[in-house]
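To start, the structure itself, in structure tokens.
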Amino acid sequence: MSTQTPDTESEAQTGDDSPQARRLEAKDARAEAREAKEAEADAAAAADQETVHLKVFRYDPEIEGKQEPRFDDFHVPYEKGMTVLDALIHARDTYDSSLTFRHSCRQAVCGSDALFVNGNQLLGCQKQLDELDQPVRIEPLPHAEVVKDLVVDMEHFYDQMHAVDPYFDPDETPDDELEEQRQSRENREQVKMSTRCIWCSACMSSCNIAAGDNQYLGPAAINKAYRFYFDEREGEQKQQERLEIIEEEHGVWRCQTQFSCTNVCPKDIPLTEHIQELKREAVKSNLKFW
Amino acid sequence: MYEHDVIVVGGGGAGLRAAIAAHEEGADAAIVTKLHPVRSHTGAAEGGINAALREGDSWESHAYDTMKGADYLADAPAVETFAKTAPEETIQLEHWGMPFSREDDGRVSQRPFGGLSFPRTTYAGAETGHHMLHTMYEQVVKRGITVYDEWYVTQLAVTDEDDPNDRTCHGVVAWDIRTGEITGFRARNGVVLATGGLGQAYDHTTNAVANTGDGVAMAYRAGVPMEDMEMIQFHPTTLPSTGVLISEGVRGEGGILYNADGERFMFEYGYATNDGELASRDVVSRAELTEINAGRGIEDEYVHLDMRHLGDERITDRLENILHLARDFEGVDGKEEPMPVKPGQHYAMGGIEVNEHGKTCIDGLYAAGECACVSLHGANRLGGNALPELIVFGARAGRHAAGTDLGEAKIQVGPDPDAERADIDVPLGEPGTVTETDAATDGGSTDPTAIVEATVEAENERIDTLLENEDGINHADVRSDLQQTMTENVNVFRTEPALRQALDDIQEARERYQDVAVADKSRTYNTDLQHTIETRNLLDVAEAITVGALVRNEFRGAHWRQEFQERRDDEWLKHTLVSWNDGDPEIWYRDSILESEEKSYEPKERSY
């Protein structure tokens, strides 16, 4: 691989063998070796190795040349099984360490890497490159403020999630600290899909209504309300409070059942259905009072 | 500067539980985390939470299994505190709404797990950690606990007395990833480190990219010993291409391991003639690699984990998440074909030395969860024991940090001048970081605010230096070399020449790190800078793992040495400790505690 070996060069120097001088020389040698490596990689890419062409959105409010959004091209050597996230990591670690995106678990559970890829919201780690047309166009999630490159501001999403009392709130729990509340298997089954949400915000980004109405709670938050509303361990009073939250002006009634949220959800949560079920609950509850 | 009673560093299971506990004691608690809490890697835990809840089970049995699983390197006061408290902490999660899997009568289900003498693993599908994490985050929201998310803590603000046992922690320095602002966080009562794993020291790991051992490295350089770092668990069932974890729950439900010849090797080659696939993780990992090395692996790389015989209904009900993982990350349909699996780095049993209250030797500094070593897991952690550790010791650390008296601790912590020291002939610790800010800083002051401010100044200097360096080495190259040598040389099977090779490579990586430069000069969301700082932390923890593995001349639990293939209780019923010693690391030992007031844990042969 590398064409330079730092050791032979530094040994040849006998004049100054201070640690500092040796380090500097080794550093130069390594820089050359690195350049050689990069040239080699480029050559391989140009020759026969299969590569994937990425077009990646770039923006940095602080850096000249990036203040105006642009797309950068990366040609990444392809390996079978490679995901969008793998390709981004390769591009960053090999070609441009300033390429910025969120990621952590690499297994579709942390919800960090929701991106807009070839016009669809998806998790970068969950999408195989061979399922995508090239060039693969990678952008930050639409309808959110871009912080830098592929990183968007999540605060609005978190605010909406927090607005629905997103926590279990029973009337009482057993006095005995070793005694659990009972929950039927059927009831757990009913809320199961709703509990799978990983807060990636792909649904919110895909929703036309949320794009036009910044106060709309959005699919993820309404799903969170669903998760607790239908949990039989909570009391009626709290159920009623939950209905009042989701029934308000920017709640469930805004949904126009376009199913875009359901289509993009990486955890296959039937979000649109959950919203409709809550609409029905709201109607039933209002009929009771009238 | 921000100020709170208790500062919790990290927003995973241990951090969230610590913050809730501190809050319930009346303290003003805040969480500072480099990820948003719901992004934490607790969410990736699949299998379950061990707790002795049912008739026929007992805390004594759980403690016994844990000590045996630990290969008698755990400390009895930690193990017993854990086994006694796990039931109430688990039910506490249920009271907070966690969607556990249920029995017909509506009670929470339990299933068998490796190394357990009773089916005591509670679970929520094969995504128990996800539900635990979200349930606790919800409770943090409910209580209005302050969360500083995407703030990266880079240094602890600790006084600089000569003896670490005399030092005090007054807070932390954190860096707002979004804006680049560097700020002090003063903790009036205490700092709880809950930074999780260090799996990024390896290149085949189930750990997240964020698991870079930050808390361990920061505590170490502040003077807290690292304990039993050589004890790294390699999980036997990870997907070969990515390291994604396939839960032990698959084997708990009846999944079977086969070699290339279709043999059920766990039984047929006598690795574990009683428990088979459900033997302890270290046993199964070694069995798999032995099969592969003997030419009975598939593509010389992996073995098969088959769950097809469980039937579609049971798979969907209890292991559905596994189907998604196998499909998305390996292209395999677990209902139609066996899943390829091989061992991968999974968990660090060792970490920041703490007592059973979660306290380190530095006043005001605590640690809980995977970053800590209390020592519960000893030489090998049992499946299903990590999640309850988070809540049991997270809660205790949070309470103690808030000022609650938990009585006198039985586990001793901190450097001990009379301790037995290891004689080691390899250079360690140097070169350190790119600026001279490692040692605890106070400039002679004892005023807590001044100490935090001085640390902020030092961190500003370090970060400026990293950003100002031009045309240096990309940290990713250093990290990649480090990960490769660790996977190659400090893996399941360890030999002296390989361990020495790894130490040489780490030394070289340290040299190269001196010339590291951050190419991205922006202050906005600079992940280049963040990863560069993380890489420094990985160097320190990787070195401790390797030197611990080199000095421990025996085979115990997860630690196997070619030259010493026997457990040597006469000499090695003791913990390995590494102290930073202001840049001149020392290796020393402290006996493990196998006696409590109630019980005695006599080391026995560990067979499954």
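We did not get these values from a lab; they are worked out from the coordinates using the rules stated. Worth saying up front: this structure is predicted, and the values here are computed from it rather than measured. All Cβ positions, even for glycine, are placed from backbone atoms using ideal geometry, and neighbour counts span all protein chains on display.
On average, how many beta carbons from a partner chain sit within 10 Å of the beta carbon of a residue in B:157-166?
Other-chain Cβ atoms within 10 Å of each residue's Cβ, averaged: 0.
In whole Å, what is the distance between the alpha-carbon centres of segment B:304-363 and segment B:445-500?
First find each Cα centre; the distance between them is then 29 Å.
Taking every pair of distinct Cα atoms and averaging 1/r, then inverting, what Kirkwood hydrodynamic radius in Å comes out for chain B?
About 23.9 Å, per the Kirkwood formula over Cα pairs.
What's the exposure ranking of B:229, B:339, going from fewest to most Cβ atoms within 10 Å?
By the 10 Å Cβ count, ascending, the order reads B:339, B:229.
Note down the net charge around residue A:217, summing +1 for each Lys or Arg and -1 for each Asp or Glu among other residues with Cβ under 11 Å from its Cβ.
Local charge sum for residue A:217: -3.
Report the full-extension gain for the segment residue B:28 to residue B:308: residue separation times 0.36 nm, less the Cα-Cα distance, to one decimal in nm. Display every interim value, and only then the final one.
Working: separation 280, 0.36 × 280 = 100.80 nm, distance 5.10 nm.
Difference between extended and current length: 95.7 nm.
Treat each spin label as a single point 7 Å out from the Cα along the C-beta direction, and report the residue A:259 to residue A:215 distance in nm.
3.1
For each pair in B:34/B:335; A:80/A:224; A:238/A:279; A:224/B:84; A:55/A:127, compute the distance between the two Cα atoms and list the pairs where it is over 26 Å.
B:34/B:335; A:80/A:224; A:224/B:84
Taking the 0 to 90 degree range and rounding to the nearest ten, how far is the long axis of helix B:527-551 tilted relative to the main principal axis of chain B, both from C-alpha atoms?
Approximately 60 degrees, to the nearest 10.
Quick one: B:591, A:113, fewest Cβ neighbours within 10 Å first, how do they rank?
Neighbour counts put them in this order, fewest first: B:591, A:113.
Calculate the spin-label point distance for residue A:134 paired with residue B:569, positioning each point 7 Å from the Cα along the beta-carbon direction, and give it in nanometres.
The answer from the label model is 6.2 nm.
Hey, got the average number of other protein chain Cβ atoms within 10 angstrom for residues in B:202-209?
The mean count of partner-chain Cβ atoms within 10 Å per residue comes to 3.
If you look at just the Cα atoms of segment B:279-400, how large are its Rg and its Dmax in Å?
Values for segment B:279-400 (Cα only, Rg and Dmax): 19.0, 56 Å.
With a/c under 1.5 counting as rounded, go ahead and sort the protein assembly as shown into rounded, prolate or oblate using the C-alpha gyration tensor (a ≥ b ≥ c being the square roots of the eigenvalues; past the cut-off, prolate if a/b is larger than b/c, else oblate).
Rounded shape, in that the Cα axes give a/c under 1.5.
Any idea what angle helix B:76-95 forms with the longest principal axis of chain B, computed on alpha-carbon atoms, 0 to 90 degrees, nearest 10?
Rounded to the nearest ten degrees, it is 80.
Considering every residue in B:239-246, what mean count of other chain Cβ atoms within 10 Å of its Cβ is obtained? Intermediate values should be presented prior to the final figure.
Numbers: counts 2, 1, 5, 6, 2, 6, 1, 0.
Taking all residues of B:239-246 together, the mean is 3.
Using a 10 Å cut-off around each Cβ, can you sort A:224, A:267, A:55 from fewest to most neighbouring Cβ atoms?
Sorted ascending by nearby Cβ count, the order is A:55, A:267, A:224.
Over chain B, what is the mean sequence separation of C-alpha contacts under 8 Å (at least six apart), divided by residue count, expressed as relative contact order in percent?
22
Expressed as an acute angle from 0 to 90° and rounded to the nearest 10, what is the orientation of the C-alpha long axis of helix B:128-143 relative to the principal long axis of chain B?
40
Would you calculate the separation in nanometres between label points at residue A:68 and residue B:481, each defined as 7 Å from the Cα along the Cα-to-beta-carbon direction?
Each label point is offset 7 Å from its Cα along the Cβ direction, giving 4.0 nm.
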